[in-house]
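The values are calculated or read from the model by the stated rules, or taken from the named source; none is laboratory data. The structure presented is a predicted model; accordingly, all values stated were derived computationally and were not measured. Note that each Cβ is placed from the backbone with ideal geometry, even for glycine, and that neighbours are counted across all protein chains shown.
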């Protein structure tokens with residue numbers, strides 16, 4: 001019994017000492033939670049960091065620190081000289097790029113991030129409309145911790161499948177791949193809030209275009225797949241049977257929920273090149289802004305065909321736009337390389353072929369049920 005009491009006492013002392021050591025360690029460091037990169041003066045790099053500092057009473061406060069230098073590591077050294085605590089990146093959650101820097105290229109900073117063993121490959125990456133410094137240093141009525149707010153904003157939209165995932169690991173993989181380009185969310189300020197306003201399209205390391213936020217569904221539909229998404233689309237009443245058009249608006253809004261999707265991309269002609277893209281969707285109709293009896297199987301089939309046609313057209317439109325921007329965010333080049341033996345495909349060669357590629361899109365929607373009570 002005495003040995004047991006001694007063991008418990010020793011553990012309590014050890015835990016107490018460990019807690020004190022942890023507290024002292026946190027008192028000495030500043031935790032970088034978010035980093036924003038902008039184009040500085042004379043083409044230098046401007047870095048803005050959101051730093052969390054912990055007081056001896058374990059109260060945390062947020063500090064915004066910025067510096068300019070030729071390299072990201074150089075700016076961190078300058079920022080260290082502006083604070084009493086050593087800056088560490090082990091808790092880094094988000095990296096942002098100002099759109100001007102993104103237009104010129106993010107390759108140097110991206111390579112620096114991937115080479116830093118203290119930085120997790122799971123951090124989120126995004127582009128900011130304007131300068132990251134301006135959006136981070138601004139005050140917001142209902143946002144206390146800007147770094148945590150942006151992290152949670154990106155996290156919940158990726159978890160809800162509203163946008164594609166853009167972690168450091170995924171972005172770096174696409175950047176170094178032949179036949180696939182980067183895409184990441186675009187953030188912008190709207191009054192007292194920050195919103196995801198679109199998706200940035202890259203040609204290798206340079207941002208060359210953007211899609212509106214409403215098109216992020218089609219981007220994810222082709223690039224990835226849905227496990228349980230929600231999306232609102234429009235169908236023209238011209239695509240419905242004439243007997244069902246009476247009293248309906250020219251365009252119907254349909255909300256699809258619990259979306260599960262699969263995509264199949266197949267190279268059918270390597271000379272053009274030409275692809276077949278088949279996408280199958282299982283979903284239920286959550287809402288429809290018209291009086292249509294969805295208990296009638298024939299009318300459900302009619303809606304399925306109309307939505308399938310609309311989605312096929314929209315996906316084709318987005319692919320054509322990405323081709324015009326010469327941004328292969330869908331990885332058509334990767335499919336070409338894996339399908340054509342000894343293709344010896346280079347990035348430059350594929351970019352010439354990509355803009356002339358033909359993609360035949362076919363979307364097949366299967367409505368599983370039409371409401372939660374069906």
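Points to keep in mind about this one:
Condition check ((1) outside any helix (DSSP H, G or I); (2) out of contact with any strand residue (DSSP E or B) (no Cβ under 9 Å at 6 or more places or on another chain); (3) not assigned by TED's automatic domain parsing to the domain that holds residue 239) across all residues:
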residue	(1), (2), (3)
268	yes, no, no
283	yes, no, no
293	yes, yes, no
302	no, yes, no
321	no, no, no
351	no, no, no
356	yes, yes, no
362	yes, no, no
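- The condition of being at pLDDT 90 or above, farther than 30 Å from residue 355 by Cα and in the same structural domain as residue 342 (by TED's automatic domain parsing) holds for only one of 272, 255, that being 255.
- For the stretch 99-133, the set of residues classified as closer than 18 Å to residue 185 by Cα and in a helix (DSSP H, G or I) consists of 99, 100, 101, 102, 103, 104, 107, 109, 110, 132, 133, listed by residue number.
- Just one residue in the set 186, 143, 150 is within 30 Å of residue 87 (Cα to Cα), in contact with a helix residue (DSSP H, G or I) (Cβ under 8 Å, 6 or more places away or on another chain), surrounded by 19 or more Cβ atoms within 10 Å (Cβ to Cβ) and not assigned by TED's automatic domain parsing to the domain that holds residue 350; that residue is 186.
- Filtered by the rule that a residue be under 17 Å from residue 69 (Cβ atoms) and under 18 Å from the mean Cα position of the chain (by Cα), the stretch 111-120 gives a lone residue, 113.
- Considering residues of the stretch 26-44 that are surrounded by 11 or more Cβ atoms within 10 Å (Cβ to Cβ) and in a helix (DSSP H, G or I) only, the residue modelled with the highest pLDDT: 28
- Out of 96, 87, 162, sole residue that is part of a strand (DSSP E or B) and under 18 Å from residue 190 (Cβ atoms): 96
- The residues listed here are 229, 179; of these, the one that is touching a helix residue (DSSP H, G or I) at 6+ places or on another chain (Cβ under 9 Å), within 25 Å of residue 280 (Cα to Cα) and not assigned by TED's automatic domain parsing to the domain that holds residue 150 is 229.
- Of all residues in the stretch 273-283, those being crowded, with 16+ Cβ neighbours inside 10 Å and more than 25 Å from the chain's Cα centre (by Cα) number 2.
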